[in-house]
Amino acid sequence: MYVSQQEKLSFVDQPDGQLARQILEGSELAFEALVKRYSAPLFHFIYHLLGDYDCACDVLQQVMVRLYTALPTLHQERSFKAWLFKVAHNRAIDEIRSKHCLHFSEMEHADADETELTAITDSAPLPQEMLEYHELQQRLRLAIAQLPTHYQNIVRLRYLLQLTFPEISQVINMPEATVKTYFHRAKRLLRSSLQVDHAYELLPEKQ
């Protein structure tokens, strides 16, 4: 059956719960829209936990299957964001335990997406500026990788995926007050580690 672009776009701005109701009524386009909404951030999160592209793809697929099967039981008045990252976190940990995939902190050289924590705002940077930027960003990635594991996860969830503290609390099963405490401790550690070369300035100003 032919589906127009306009029909596809009609799903883009619909809340998760509305899409879920349409999926339960048999709409494949609604599920496609929901998958598209979360696939990229979920993959980045899983990949940074596992450090393995193929493992991350497998886990992402498992998360989406879990989403589909769990739709009838999810609270449709809420965003599915925190729930999905919680499932992704748990599945990634299971993958690490069962297949011993490398954790990001165990990799000597992280082949991370260059959009990991920030993007270059100057539309036409000079070559020297580009070189300095990439060197600072590499320092930043390495500094985050040297944080304790629970700090790393919180920093990435907050900066990379823009999750709120309540959402992070739900994802990693940690009290919100503890999440905030660890986040601010991680920021102090990063500031201390990076203050010499100013790589800390690459972190967004999130409180």
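Annotations
- Relative contact order, whole percent, for the stretch 15-102 stands at 37, derived from Cα pairs under 8 Å and 6 or more residues apart.
- Placing +1 on each Lys and Arg Cβ and -1 on each Asp and Glu Cβ, with no other charges, gives the stretch 15-102 a dipole about its Cα centre of roughly 260 debye.
- Which of Lys36, Lys187 has the fewest Cβ neighbours within 10 Å, and the rest in rising order: Lys36, Lys187
- Going from the residue with the fewest nearby Cβ atoms within 10 Å to the one with the most, Tyr47, Tyr151 rank Tyr151, Tyr47.
- Anisotropy class of the stretch 15-102 from Cα gyration tensor, a/c 1.5 cut: prolate
- Among Asp94, Asp13, the ranking by other beta carbons within 10 Å of each residue's beta carbon, starting with the fewest, stands as Asp13, Asp94.
- The slack between Val65 and Glu25, meaning 0.36 nm per residue of separation minus the straight C-alpha distance, is 12.7 nm.
Coordinate-derived values only; no laboratory data. Remember, it's a predicted structure, so these values are computed and weren't measured experimentally. Please note: Cβ atoms are built from the backbone with ideal geometry, for glycine as well, and neighbour counts cover all protein chains shown.
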